Every structure is written in C-alpha cells, then in structure tokens.
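Laboratory data are not the source of any read-out in this text; all were calculated from the coordinates shown. Since this is a predicted model, take the numbers as computed values, not measurements. For neighbour counting, all protein chains shown are included, and Cβ atoms are generated from backbone atoms with ideal geometry for every residue, glycine included.
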Amino acid sequence: MTGLADCNNFFVSCERSVDPSLCGKAVVVLSNNDGCVVARSNEAKRLGVRMGQPAFQLRDMIRDRHLIALSGNHLLYRDISLKVHAIFRRFVPDSIDYSVDESFLDLTGIPVDVIPDIGNAMVKACMDELSIPVTIGFAPTKTLAKVYAENAKKGGCPVAVCVNAADALPLLQRLPISDLWGIGRRLAKRLYQNGVYTAADFISRDAAWVRRLLGLQGERSWRELHGQPCIDLDHVLRPIQDSISESRTFPEDVDDPDYLRARIVIYASHCARRLRDMNGVCRSVGVFLRTNPFRPGLPVVRPEGITRLLHPTSLTTEIVEAALAQLDAIYPRGIPFKRAGVWLADITPDSAVAPSLFDEPSSRSAAMKFMKTIDAINDRSHRPAIRLASQIVNPSAHAAHNDGYSTSFQAPRPLGDEPMP
Ligand SMILES: [Mg+2]
C-alpha cells in the first residue's frame, strides 16, 4: 500500500496557524506582487473565487469585507512545510516529499487493517502540533491514492482507504479524465476525441489502445488505476533547490588554463550529480573566477558569466560543455586566479509524469539512463570510478595544486574546503 498525504488549502492554513482569527473566514493568499490567487480557504471557494483569479477582480469583495486577501509569506510556509513533512515521516517507513504540502507515503510491510489508524494519527498530529489540516488517501498505487485523497478532501473526511483497485470504480465514474493525476490537458484532449470522458471510461479501454494513443505515460496511469504500481518513488520528484553551486579556493594562484578547465569540469560534474540526485533539470549554467585580493600588485578581477541552455538538462556532458564554453568566454589569459566556481540556476523538477519526457523515447532518455548508470557505479566505489577525460590533467605539472580533488592519477586526498587566504 502507498499513501498520499496532502495539506488542505496549505498557504491559508499556515496563515490561520499563526492568526487563528482567520479561521472560519473567507481568506485567499495572493502571489508575488499580489497579482493573483494562489490559495483559497473553503469559504473563499464557496464565494466562487477561482484558483489563479487576478486580484483586481476581487476588489469589491475585499472592500466590502467579504474576503480577506493576504500577501504570501513564503518563509513561513517553507518552515511549516518542513515540520509537516517531518511529522509524516514519524509514522511511515519511508516517504517522499512531493511538493511543499504533499508527501507520498511508503507503507510496505504494514498490515492493511492498521492503515486507517496510522492515517488518523498523522492527521491528529498535524492538527495538534501545527494546526494544519491534512487529508490522506491510501491505496495500492500512487495514482489511486491521489484520487482517494482528492475525493476525501471534497467530502471533508480526513482519511480514505482503497484496499482493492476494483473498489475505486464508482469514484472513477465521477472523475473527469482531465482531473486525473498524470493526464494533462493535452492527453485529455486526445481522449475526448476518442470518447473517453471519465477515469472509468479510460480504464475500460485496453492497455495496448492506451499505449498507442498516449504512450508510456498514459499506460502507466492506466495500470496504476488497475492497481498495478508502476510509478515508483524514484520517479517522483524530490524537493527542489533554486540553485546549486560549487567553488573552491586554490592553494596557489593558477595561471594554467588547462588546470583551470579541469577544475571547472569537476565543479560542473559535481553540480550535475547533485541536480540529478534531486531529480531536477537546470536551464542556466554560470562560471566565475576570482583573483587573489591579498596579492600585492595584482588587479582585482572577477569575471563571471551565465549560459542559457536551449533545453533544461541534468546531463553532466551538457552542463560541462556549457560551463567550458562560458569559461572560454570570460577567461582573460595571463591573469592568475585564486578561486573558481560553477553554479546551476533556473532549476525545475524533472518529473517522470511530465509529458515531454515520455512523448517520444529519444536519445536524451538514453543519455539519462547512461548517466544514472555511471552514478550508480560511482556510488559503489570509494572514489569516482568513471570520470570524464576532461577532469584529468597531467599530474606532474600540478602536484602542488592538489586541492582535494582527484584531477590526476594519484590517489586523491579526502574532499575538504580550503580556508580563504
Ligand atoms: Mg494541498
């Protein structure tokens, strides 16, 4: 069994947890610059406020005090989000934080008959400790858990359990196919054209038909609704940072462009690996260099630049290539540098349920598989067993420059940050 735990009206609930006078009132939270609605209390939903509705359309309601509109306090939401996810983890063997207010729960090995008790205890802990209302759906697959959680939330019941996929049929008959997790607007349109309007219509077709029409992604959803788990926890995105960076201060000033290139390759590879570990992709790759500010007679030079990629990626080869191109663009020959670094920005989740990934099995997914295989091999060895050739420079020329990374064929020292000069 698996589960999906989802906080109700999360941003509004966070605001209510610090200001209980908001409870029972129609409240919305607005996006950055107060542009549009990003969270609604149930009372606001009943007033007809839509998700994403522009704030200016609500002016009259706000003026007449029917509706309270708040600017988002994202530090607060992030703080509460971490605490909610920590509570979820207390009750289940494993969980994946799927979004700021949702976690998938792994209940492997837990008897089905105790699952409702676990769910109720989780809901109670979130309410008692954080005043955050939570709804949890349990089911044999993630897609069904999501269906049950969403349905339970509408009914105002905090825990719903689906023991057999067949039990879900009445619920699927009422579920518009466009509302099914993993079926985007585009796939839904294709299904409408073929007479499929509800999730029940969808599962009544056969698997081969679904695969022909929607590809692997659609077939996965279909199998999950039939109770066959096929979206595993690793497919689901991990929490995403905004940016990743790695930089080092060299023991000596470096004026050898080849050595500098090898450093940039290593930093970029490490960043790419961290990006893959959180199932993210990045759109921008930046490089910077710093001269030694304490060396007399040397001008302070701080070149840096950022490359915008055509396609978001987490492939080491593509990220390294962009970093090297950027280095070439900013590197002034002949100046010795003391510090260098790489950063990745514009990071977004590389969700397995994103349509673009499975629309056509491309060379990109083959490259990704290759990359993950290298990651797995490197995980098993004490130090990277497989590296890019560009990470390796002639050891004799730079024995004194070993700053902790294995750029040469010598045994590396343990990783460590060098102090600033
Ligand atoms: Mg939610």
Please find, in a Gaussian network model of the chain (springs between Cα atoms separated by less than 10 Å), the residue of Val29, Val285, Val18 whose mean-square fluctuation is greatest.
-> Val18
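When the Kirkwood hydrodynamic radius is evaluated over all pairs of different C-alpha atoms of the range 107-164, what value in angstrom, to one decimal, is obtained?
Values: mean 1/r = 0.0865 Å⁻¹.
By the Kirkwood definition, the hydrodynamic radius is 11.6 Å.
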Determine the dipole magnitude for the chain: charges of +1 sit on the beta-carbon of Lys and Arg, -1 on that of Asp and Glu, nothing else is charged, the reference point is the Cα centre, and the result goes in debye to the nearest 20.
-> 720
Is the shape of the range 10-74 best called rounded, prolate or oblate, per the rule: a/c under 1.5 gives rounded, else a/b larger than b/c gives prolate, else oblate, with a ≥ b ≥ c the square roots of the Cα gyration tensor eigenvalues?
-> oblate
Would you give the gap between the C-alpha center of the range 31-98 and the C-alpha center of the range 302-344, rounded to a whole Å?
-> 38
Which loop-located chymotrypsin sites (Phe, Trp or Tyr not before Pro) does the range 212-313 contain, where loop means any DSSP state but H, G, I, E or B and the Cβ has at most 15 other Cβ atoms within 10 Å?
-> Phe294
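Send over the per residue convex hull volume for the range 177-235, Cα only, as a whole number of Å³. It would help to have the intermediate numbers written out before the result.
On the way: hull volume 4.5 nm³, N = 59.
Normalising the Cα hull of the range 177-235 by residue number yields 76 Å³.
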Note down the net charge around Ala152, summing +1 for each Lys or Arg and -1 for each Asp or Glu among other residues with Cβ under 12 Å from its Cβ.
-> +1
Quick one: give the max-minus-min coordinate of the C-alpha atoms of the chain along each principal axis, largest first, in Å.
-> 73, 55, 43
For the table Lys83/Lys142; Lys25/Lys153; Lys25/Lys142; Lys146/Lys369; Lys142/Lys189; Lys146/Lys372, the rows whose alpha-carbon distance is greater than 25 Å are Lys25/Lys142; Lys146/Lys369; Lys146/Lys372
Quick one: if you stick a label point 7 Å off each Cα along the C-beta vector at Tyr197 and Phe56, how many nm between them?
-> 3.7
Once Rh is set to the Kirkwood radius over Cα pairs, what Stokes-Einstein translational diffusion coefficient, in µm²/s, holds for the range 106-232 at a temperature of 4 °C and a viscosity of 1.567 mPa s?
-> 84
Gain on full stretching of the segment that runs from Lys154 to Arg308 - 0.36 nm per residue minus C-alpha separation | 51.2 nm
Asp94-Lys369 pseudo-label distance in nm [points 7 Å out on the Cα-to-Cβ vector] | 2.2
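Starting from the Cα-Cα distance between Ala166 and Glu246, subtract it from 0.36 nm times their residue separation and give me the gain in nm to one decimal. Mind dumping the intermediate values first?
Values: separation 80, 0.36 × 80 = 28.80 nm, distance 5.02 nm.
Taking 0.36 nm per residue and subtracting the Cα distance, the gain is 23.8 nm.
Per DSSP helix of 4 or more residues, -39500 (n - 2.57); summed, then divided by the residues of the chain. What does that give at 222 nm, rounded to the nearest 500?
Numbers: 14 runs with 164 residues, N = 421.
After summing the helix terms and dividing by the residues of the chain, the value is -12000 deg cm²/dmol.
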Using a basic spin-label model with each label point 7 Å from the Cα along Cα→Cβ, how many nm lie between Asp253 and Arg186?
-> 5.3
Fully extended contour minus Cα-Cα distance, from Arg78 to Asp113, at 0.36 nm per residue | 9.2 nm
Tell me, Tyr331, Tyr148 in order of fewest to most beta-carbon neighbours within 10 Å?
-> Tyr331, Tyr148
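Among 165-172, 135-142, 3-10, what's the highest-first ranking by average C-beta atoms within 10 angstrom per residue?
Details: 165-172: 16.0, 135-142: 25.9, 3-10: 24.2.
Going from most to least packed, we get 135-142, 3-10, 165-172.
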